[in-house]
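> My questions all concern the structure below.
The values are calculated or read from the model by the stated rules, or taken from the named source; none is laboratory data. Since the structure is predicted, the reported quantities are computational estimates derived from the model, not experimental observations. Positions of Cβ are backbone-derived with ideal geometry, glycine not excepted, and every protein chain shown enters the neighbour counts.
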Amino acid sequence: MTRPSNAAIARELGVHRSTVGRELARNSHAGSYNPHAAHHLSTRRRARPRSRKLDDPVVRAFVIARLNEKFSPEQVSHELRTAFVGRDDKQVSHETIYQALYVRGKGALRHELSVKKALRSGRRTRRPQSKLPTRRGARSWIGDAHISTRPHEVQDRAVPGHWEGDLVIGRGGRSALITLVERQTRFVMIHRLPGQHDSTTVSDALVTMIGALPMSLRKSLTWDRGSEMRHHARFSIATDCGVYFCDPHSPWQRGSNENTNGLIRDFYPKGTDFRDIPDDDIARTAHLLNIRPRKTLNWAKPGILLNELLTVAPTT
């Protein structure tokens, strides 16, 4: 009787033909395949003790320390390559870290962390884009400061000094954080508003934040359509930094800031009252965000990139 082809066996089993080929090559003896013998060989291979890189106490301590600083698994993996150059035995992929957090040993690694959440996102699936209808009528105070009039140089992030901003609102709307992200370097600035966050308060705080930068690093600010920016013209006159507003229901038009606000919510979950958070704690959060290696920056760190800009930027 002629043996069926690998492709025919694969169709019958519902697998790829290469899977059949590998199984036959691995477990055949003298040109013959015995399923019982193959199962025995597979069991022996599986039972063989294998050392895992995360069992190395040095590697494990390094990974735990970075996760406690709220690095993502991919950022931790890259930091290992930087810290242990040429040491393959000290390298762990981000997928291995994910497995250790959520699969292997019922997430044993997760229980060794001091932070409440191993990863900043608690969701298992992505949120769909908003299906809300477009608001009717533009807010009159926006005027011509629409994102469509923003300089083209902002879009490709080739020129530094263009910022995105928004508010992170505290419990009951009684406090807030102003968050700013520089588009090229992803550098983050955070300012706490322990009381009101009306347009006058926000405008004054933004003048302080942006006004501390050299002129070359305050070219534009892209903001949501919140009424807290009603006095944007006053801010622009004080800082010589133009303000541009996104389309309704279009958070991706200031995606760097949206992502950053998600990171900040990992430090301060919804329901946090920022009146209870000291400014030193806010400064530490900004520091931790700015020392993270970022994949989108080819694993550079925002704080280092902005510092390089500050050392060469003219002050006027």
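> Against the conditions (1) closer than 25 Å to Ile169 by Cα; (2) within 14 Å of the chain's Cα centre (by Cα), where does Ala300 fall short? Just the number, please.
So Ala300 meets the others, but not (1).
> Okay, moving on. Quick check: is even one residue across segment 176-186 touching a residue at least 24 places away in the same chain (Cβ under 8 Å), out of contact with any Leu (no Cβ under 8 Å at 6 or more places or on another chain), buried (at least 17 other Cβ atoms within 10 Å of the Cβ) and among the β-branched types (Val, Ile, Thr)?
Yes - at least one qualifying residue is present in segment 176-186.
> So which of Gly161, Gly173, Gly165 is farther than 28 Å from Pro302 by Cα and at pLDDT 75 or above?
Being farther than 28 Å from Pro302 by Cα and at pLDDT 75 or above holds for just one of Gly161, Gly173, Gly165, which is Gly173.
> Any idea which of (1) loosely packed, with under 14 Cβ neighbours inside 10 Å; (2) at positive phi is the one Trp299 doesn't satisfy?
With respect to (1) loosely packed, with under 14 Cβ neighbours inside 10 Å; (2) at positive phi, Trp299 is out only on (1).
> Now, a different point. I need a count of the residues in segment 8-18 that are exposed (fewer than 13 other Cβ atoms within 10 Å of the Cβ) and under 19 Å from Ser32 (Cα atoms).
Selection size over segment 8-18: 2.
> Sort through Arg66, Arg3 and tell me the only one that's more than 20 Å from His111 (Cα to Cα) and of a type in the set (Lys, Arg).
Arg3
> Turning to a different aspect of this structure: Give me a count of the residues in segment 56-86 that are assigned to a helix (DSSP H, G or I) and small (Gly, Ala, Ser). Full working, then the answer.
Going through segment 56-86, the residues assigned to a helix (DSSP H, G or I) turn out to be 57-68, 73-83.
If we keep only those that are small (Gly, Ala, Ser) as well, we get 61, 65, 77, 83.
Residues meeting the conditions: 4.
> Can I ask one more? Within segment 272-284, identify whether any single residue is part of a loop (DSSP other than H, G, I, E, B), surrounded by fewer than 16 Cβ atoms within 10 Å (Cβ to Cβ) and touching a residue at least 40 places away in the same chain (Cβ under 8 Å), and answer yes or no.
Quick first cut of segment 272-284, residues part of a loop (DSSP other than H, G, I, E, B) only: 272-273, 277-278.
This time we only want the ones that are surrounded by fewer than 16 Cβ atoms within 10 Å (Cβ to Cβ), so: 273, 278.
Restricting the remaining residues to those that are touching a residue at least 40 places away in the same chain (Cβ under 8 Å) gives 273.
Checked segment 272-284: at least one residue is part of a loop (DSSP other than H, G, I, E, B), surrounded by fewer than 16 Cβ atoms within 10 Å (Cβ to Cβ) and touching a residue at least 40 places away in the same chain (Cβ under 8 Å).
> Moving on to the next point. Just the residues that are closer than 20 Å to Ala176 by Cβ and assigned to a helix (DSSP H, G or I), please, taken from segment 240-261.
We begin by selecting, within segment 240-261, every residue closer than 20 Å to Ala176 by Cβ; these are 243, 245-246, 251, 254, 256-261.
Listed by number, the residues that qualify are Pro251, Arg254, Ser256, Asn257, Glu258, Asn259, Thr260, Asn261.
> Is it the case that some residue within segment 216-229 is at pLDDT 95 or above, in a loop (DSSP other than H, G, I, E, B) and either outside the structural domain of Leu309 (by the TED database) or under 21 Å from the mean Cα position of the chain (by Cα) (or both)?
no
> Same structure, new question: Anything in segment 219-232 that is touching a strand residue (DSSP E or B) at 6+ places or on another chain (Cβ under 8 Å) and in contact (Cβ under 8 Å) with a residue 40 or more places away in the chain? List them, or say none.
Selection gives Lys219, Ser220, Leu221, Thr222, Trp223, Asp224, Arg225, Gly226, Glu228, His232.
> Take segment 188-209 and flag every residue that is among the polar types (S, T, N, Q), buried (at least 17 other Cβ atoms within 10 Å of the Cβ) and closer than 16 Å to Ser220 by Cα.
Matches in segment 188-209: Ser203 only.
> Going through Ser93, Ser42 one at a time, which residue ends up being surrounded by fewer than 16 Cβ atoms within 10 Å (Cβ to Cβ) and more than 30 Å from Arg292 (Cβ to Cβ)?
Ser42
> Is at least one residue of segment 286-304 under 23 Å from Gly195 (Cα atoms), part of a helix (DSSP H, G or I), out of contact with any Leu (no Cβ under 6 Å at 6 or more places or on another chain) and of a type in the set (Lys, Arg)?
As a first pass, look at segment 286-304 and keep what is under 23 Å from Gly195 (Cα atoms): 286.
From what is left, the residues that are part of a helix (DSSP H, G or I) are 286.
Checking the rest, the ones that are also out of contact with any Leu (no Cβ under 6 Å at 6 or more places or on another chain) come to 286.
With of a type in the set (Lys, Arg) added as a condition, the list becomes none.
No, every residue in segment 286-304 fails to be under 23 Å from Gly195 (Cα atoms), part of a helix (DSSP H, G or I), out of contact with any Leu (no Cβ under 6 Å at 6 or more places or on another chain) and of a type in the set (Lys, Arg).
> Which residues, counting only those in segment 24-36, are out of contact with any helix residue (DSSP H, G or I) (no Cβ under 7 Å at 6 or more places or on another chain) and surrounded by 13 or more Cβ atoms within 10 Å (Cβ to Cβ)?
Hits for segment 24-36 are Leu24, Ser28.
> Could you say whether any residue in segment 158-168 is in contact (Cβ under 8 Å) with a residue 60 or more places away in the chain, over 20 Å from the mean Cα position of the chain (by Cα) and either under 23 Å from Leu289 (Cβ atoms) or not assigned by the TED database to the domain that holds Phe267 (or both)?
yes
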